[in-house]
Amino acid sequence: MSDNDAASNIVGFVIVFLIVLGSSIWVFFDAKSIGVKKGQIKGVVDMGPAGWFVLCLGMWIVGFPVYLANRSEFKRINGKAGLPSGQSTAAPAVDIDQQLRRLAKLKEDGVISQADFDEKKKSLLGL
């Protein structure tokens, strides 16, 4: 084996290692952002983000495709289907508007105090 062949083999190994490591790290953080937890899916794929990371790192050729195949199910279970990465499943603005109107009515009717109204309003608006 020549020096060029050995260098090519080392470069190839490093590239494959970086792909496996990078995609395994992505799986870990993606699973955390989706909210994957042990106990959500039955069977061999019942694991949390750390389990998925270890599976992908140790048996990438199996783990990575299996994670991708189950990713949409995890997103559905955790209510994140159809949301761009980084967004949460916050209540729509219409619901907040309706809740604020109900609170104002309760305050007008004397059921809750101004302080209770202000506290709940801040909570609903995320302030």
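In this entry, Ala69 passes the filter for residues that are loosely packed, with under 12 Cβ neighbours inside 10 Å, assigned to a helix (DSSP H, G or I) and under 19 Å from the mean Cα position of the chain (by Cα).
When you scan the range 78-100, do you find a residue that is basic (Lys, Arg) and modelled with pLDDT of 85 or more, even just one? Scanning the range 78-100, I find no residue that is basic (Lys, Arg) and modelled with pLDDT of 85 or more, so the answer is no. For the range 100-116, the set of residues classified as under 33 Å from the mean Cα position of the chain (by Cα) and surrounded by 15 or more Cβ atoms within 10 Å (Cβ to Cβ) consists of Leu100, Leu103, listed by residue number. Only one of the numbered conditions (1) assigned to a helix (DSSP H, G or I); (2) under 30 Å from Leu127 (Cα atoms); (3) at pLDDT 85 or above is not met by Leu55, and that is (2). Here the range 9-52 is the region considered, the condition is being touching a residue at least 40 places away in the same chain (Cβ under 8 Å) and part of a loop (DSSP other than H, G, I, E, B), and the residue that is surrounded by the most Cβ atoms within 10 Å (Cβ to Cβ) is Val36.
Against the condition over 22 Å from the mean Cα position of the chain (by Cα) and modelled with pLDDT of 90 or more, how does Val16 come out, does it pass? When the stated conditions are applied, Val16 passes them.
The values are calculated or read from the model by the stated rules, or taken from the named source; none is laboratory data. Computed from a prediction, not measured in an experiment: that's the story for all the values here. We place every Cβ from the backbone using ideal geometry, glycine too, and count neighbours over all the protein chains shown.
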